[in-house]
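Asks: I have a structure here, written as structure tokens, and I will follow up with some questions on it.
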Amino acid sequence: MAHIAFIGLGHMGAPMAANLVKAGFQVKGFDLLPQLRDTAACAGVNVGSSARETVIGASVVITMLPAGEHVISVYDEVLSVADQDTLFIDCSTISVEESRIAADNAKTLGKRALDAPVSGGVVGAEKAKLTFMVGGEITDFNEALPILQAMGARVVHCGGSGLGQAAKVCNNMILGVSQIAVAEAFVLGEKLGLSHQALYDVASNASGQCWALTTNCPVPGPVQSSPANNDYQPGFSSALMAKDLGLAKQAVELSGARVTLGLYAQEMYAEFAKKGGANLDFSAIISSMRDQNGSQEN
Ligand code: NAD
């Protein structure tokens with residue numbers, strides 16, 4: 001079985017590494033934060049003393065880091081000491097461009113590289129129910145498949161290098177825009193005297209049906225498990241949505257695509273995060289619409 005090095009043992013990385021251990025893989029992990037190394041050790045991860053030391057002898061290196069700059073810098077740090085032909089799998093959410101730079105750097109030094117960002121959040125990571133969107137060579141994808149399946153419920157090969165990240169930004173652009181559309185509909189309904197439950201009962205069974213309504217309903221009541229019933233505790237934070245739509249914006253600029261709503265949504269979440277909503281679920285964006293309308297929840 002593959003000997004896996006896992007760099008970045010935060011909210012997502014820790015449960016992902018623990019699931020690899022549960023599946024029988026030998027996992028050596030590293031994080032800059034000592035307390036996270038201790039937690040990982042309790043889950044059966046063999047803890048390294050540095051990123052460089054952790055990758056020595058590994059056949060697969062997985063990274064789960066905050067942003068592209070961290071991925072490129074960790075690759076710079078470890079590529080020269082990793083075995084020839086080692087398979088690097090970056091699961092972080094980073095830009096398409098940075099993802100391709102990291103993969104090219106790996107290939108230049110004789111390694112192989114996949115981008116494999118995820119959706120499903122911390123709960124998906126804990127339950128091994130993540131969706132992986134993978135970019136890179138199909139032979140490398142096939143080799144990575146049993147490893148990714150130990151951490152996820154669905155693994156999709158999206159095409160060549162960077163296209164896993166492309167799928168991730170496109171999906172999150174749909175999500176960010178549709179959450180705003182659902183929130184605006186509830187605010188309009190409030191203005192018209194329509195109850196939340198009546199709008200929900202109609203739209204959830206009509207053409208307005210979508211995840212942002214039926215799972216992440218932005219008003220308390222209709223969907224018991226939605227963050228709106230728990231003071232908008234995430235879930236998926238507005239800060240992370242703003243980050244992901246920032247990556248979508250970079251992809252729009254890189255590709256020259258003409259996009260309107262996705263860019264507008266990026267500005268709205270960034271503004272909401274800046275004004276105190278950063279740690280709230282992104283469905284809490286409904287409060288900034290009520291502010292604009294001078295209205296209150298009814
Ligand atoms: P996190 O901040 O909890 O974890 C990242 C970890 O990387 C931190 O513990 C940090 O100490 C560590 N790190 C940073 N630089 C390092 C280095 N040089 N060497 C070793 N460790 C280093 O973040 P997270 O929530 O686990 O998210 C990780 C990635 O997954 C991000 O790119 C995020 O956008 C993406 N993501 C997060 C979620 C979510 O719900 N949290 C969902 C999907 C995707």
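Asks: Does K243 satisfy the criteria of being among the basic types (K, R), within 12 Å of the ligand (Cβ to nearest atom), outside any loop (DSSP other than H, G, I, E, B) and open to solvent by 10 Å² or more (accessible area, probe 1.4 Å)?
Replies: yes
Asks: Ok, one more. Of the conditions (1) open to solvent by less than 50 Å² (accessible area, probe 1.4 Å); (2) assigned to a helix (DSSP H, G or I), K191 clears all except one; give me its number.
Replies: That leaves (1) as the condition not met.
Asks: Can you confirm whether T131 is among the polar types (S, T, N, Q), surrounded by fewer than 19 Cβ atoms within 10 Å (Cβ to Cβ) and more than 27 Å from G57 (Cβ to Cβ)?
Replies: For T131, the condition - among the polar types (S, T, N, Q), surrounded by fewer than 19 Cβ atoms within 10 Å (Cβ to Cβ) and more than 27 Å from G57 (Cβ to Cβ) - is met.
Asks: Also: Hey, could you check region 151-184 for residues that are in contact (Cβ under 8 Å) with a residue 40 or more places away in the chain and not in a helix (DSSP H, G or I) and say which is most open to solvent (accessible area, probe 1.4 Å)?
Replies: S161
Asks: Please verify whether S195 is farther than 28 Å from D90 by Cβ, touching a Gly at 6+ places or on another chain (Cβ under 9 Å) and of a type in the set (G, A, S), treating the condition exactly as stated.
Replies: So S195 fits the description; yes.
Asks: Return only the number of the condition from (1) under 17 Å from the mean Cα position of the chain (by Cα); (2) part of a loop (DSSP other than H, G, I, E, B) that A251 does not satisfy.
Replies: For A251, the exception is condition (2).
Asks: Name the residues in region 222-234 that are touching a helix residue (DSSP H, G or I) at 6+ places or on another chain (Cβ under 7 Å) and open to solvent by 70 Å² or more (accessible area, probe 1.4 Å), would you?
Replies: Once the filter is applied, which keeps residues that are touching a helix residue (DSSP H, G or I) at 6+ places or on another chain (Cβ under 7 Å) and open to solvent by 70 Å² or more (accessible area, probe 1.4 Å), region 222-234 yields only Q233.
Asks: Oh, and also: Quick one: F132 ticks every box in (1) in contact with a Leu (Cβ under 6 Å, 6 or more places away or on another chain); (2) in a helix (DSSP H, G or I); (3) modelled with pLDDT of 95 or more; (4) within 16 Å of the ligand (Cβ to nearest atom) except a single one, so which number is it?
Replies: (2)
Asks: Quick one: which residue in G48, G29, G121, G68 is modelled with pLDDT under 95, within 15 Å of the ligand (Cβ to nearest atom) and open to solvent by less than 50 Å² (accessible area, probe 1.4 Å)?
Replies: Of the residues listed, the single one that is modelled with pLDDT under 95, within 15 Å of the ligand (Cβ to nearest atom) and open to solvent by less than 50 Å² (accessible area, probe 1.4 Å) is G121.
Asks: Then there is this: Looking only at residues in region 71-90 that are touching a strand residue (DSSP E or B) at 6+ places or on another chain (Cβ under 6 Å) and within 11 Å of the ligand (Cβ to nearest atom), which one is nearest to N171 (Cα to Cα)?
Replies: D90
Asks: Within region 84-95, is even one residue open to solvent by 50 Å² or more (accessible area, probe 1.4 Å) and β-branched (V, I, T)?
Replies: Checked region 84-95: no residue is open to solvent by 50 Å² or more (accessible area, probe 1.4 Å) and β-branched (V, I, T).
Asks: While we're here: When the residues of region 2-11 are narrowed to those that are open to solvent by 20 Å² or more (accessible area, probe 1.4 Å) and in contact with a strand residue (DSSP E or B) (Cβ under 7 Å, 6 or more places away or on another chain), which ends up farthest from the ligand (Cβ to nearest atom)?
Replies: Of region 2-11, the ones open to solvent by 20 Å² or more (accessible area, probe 1.4 Å) are 2-3, 10-11.
This time we only want the ones that are in contact with a strand residue (DSSP E or B) (Cβ under 7 Å, 6 or more places away or on another chain), so: 2-3.
Details: A2: 20, H3: 18 Å.
Among residues in region 2-11 that are open to solvent by 20 Å² or more (accessible area, probe 1.4 Å) and in contact with a strand residue (DSSP E or B) (Cβ under 7 Å, 6 or more places away or on another chain), the one farthest from the ligand (Cβ to nearest atom) is A2.
Asks: Same structure, new question: Considering each of A125, A144 in turn, give the residue that is over 18 Å from the mean Cα position of the chain (by Cα) and part of a helix (DSSP H, G or I).
Replies: On inspection, the qualifying residue turns out to be A144.
Asks: Still on this structure, please answer the following. Name every residue in region 268-293 that is modelled with pLDDT under 95 and either of a type outside the set (K, R) or open to solvent by 30 Å² or more (accessible area, probe 1.4 Å) (or both), in order of residue number.
Replies: S288, M289, D291, Q292, N293, listed by residue number.
Asks: Any residue at all in region 227-247 that is of a type in the set (D, E, K, R) and within 21 Å of N171 (Cα to Cα)? Don't jump to the end; show me each part of the working.
Replies: Taking region 227-247 as the starting set, the residues that turn out to be of a type in the set (D, E, K, R) are 231, 243-244.
From the residues that got through so far, the ones that are within 21 Å of N171 (Cα to Cα) too are 243-244.
Scanning region 227-247, I find at least one residue that is of a type in the set (D, E, K, R) and within 21 Å of N171 (Cα to Cα), so the answer is yes.
Asks: Every residue in region 254-277 that is hydrophobic (A, V, I, L, M, F, W, C), part of a helix (DSSP H, G or I) and in contact (Cβ under 8 Å) with a residue 40 or more places away in the chain, please.
Replies: L254, L261, A265, M268
Asks: Does any residue in region 134-150 that is closer than 18 Å to L20 by Cβ come within less than 9 Å, Cβ to Cβ, of a residue that is assigned to a helix (DSSP H, G or I) and open to solvent by 90 Å² or more (accessible area, probe 1.4 Å) six or more places away or on a different chain, and which pairs are these?
Replies: Qualifying pairs under 9 Å: A150/K22.
The values are calculated or read from the model by the stated rules, or taken from the named source; none is laboratory data. As the structure is a prediction and not an experimental result, all values here were calculated from the model. When we count neighbours, we look across all protein chains shown, and the Cβ atoms used for this are built from the backbone with ideal geometry, even at glycine. For accessibility, only protein heavy atoms count, side chains too; no ligands or nucleic acids. Shrake-Rupley method; radii C 1.70, N 1.55, O 1.52, S 1.80 Å.
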